[in-house]
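See below for the structure under consideration.
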Amino acid sequence: MEGQVEVYFTVLCENDFFKEIKLKELLQSEKVMKAIKSEFGEGARNLLVQATDENISVDIRSEKKVYSHVIEKDDIQDILELTEEYARSQKLLKGNCSRIELKNFTTQG
């Protein structure tokens, strides 16, 4: 197989944060409601803030930089191993950041 594959990945760290909060739960917080009212309803009185769909979630997560590198199509079966090697060679894996997450890949040629 001729050509190349561009691999996109992020580096995962032990202290990465992820939390999913339902909008209904978020709107039950007095601090959140106060902030919404002061930001979007300044000067108005007796405001009611509601969500039309209570199943909507808000994600709070660590922001991650997406890195990329290129491998040969022949090496696609070793994509994870080669990407980890690349990350180590670029000194991206250090301290408590010792894993990668593959995000996407695109073929070239």
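The values are calculated or read from the model by the stated rules, or taken from the named source; none is laboratory data. It should be emphasised that the depicted structure is a prediction, and the values quoted were computed from it without experimental measurement. Virtual Cβ from ideal backbone geometry, glycine too; neighbours counted across all protein chains shown.
So which of Gln28, Gln77, Gln50 ends up being surrounded by fewer than 11 Cβ atoms within 10 Å (Cβ to Cβ) and closer than 26 Å to Glu2 by Cβ? So that I can check it myself, show each step before the final result.
Numbers: Gln28 fails: closer than 26 Å to Glu2 by Cβ; Gln50 fails: closer than 26 Å to Glu2 by Cβ.
The conditions single out Gln77.
Between Val32, Val7, Val70, Val49, which is within 19 Å of the chain's Cα centre (by Cα) and among the β-branched types (Val, Ile, Thr)? Give the steps one after another, and end with the answer.
Details: Val32 fails: within 19 Å of the chain's Cα centre (by Cα); Val70 fails: within 19 Å of the chain's Cα centre (by Cα); Val49 fails: within 19 Å of the chain's Cα centre (by Cα).
Testing whether each residue is within 19 Å of the chain's Cα centre (by Cα) and among the β-branched types (Val, Ile, Thr) leaves just Val7.
Let's see how each residue does on (1) assigned by TED's automatic domain parsing to the domain that holds Phe105; (2) touching a Ser or Thr at 6+ places or on another chain (Cβ under 7 Å); (3) modelled with pLDDT of 95 or more:
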{"residue": "Met1", "(1), (2), (3)": "yes, no, no"}
{"residue": "Asn55", "(1), (2), (3)": "no, no, no"}
{"residue": "Tyr86", "(1), (2), (3)": "yes, no, yes"}
{"residue": "Ser89", "(1), (2), (3)": "yes, no, yes"}
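Tell me which residues, restricted to segment 58-73, are surrounded by 12 or more Cβ atoms within 10 Å (Cβ to Cβ) and hydroxyl-bearing (Ser, Thr, Tyr).
Tyr67, Ser68
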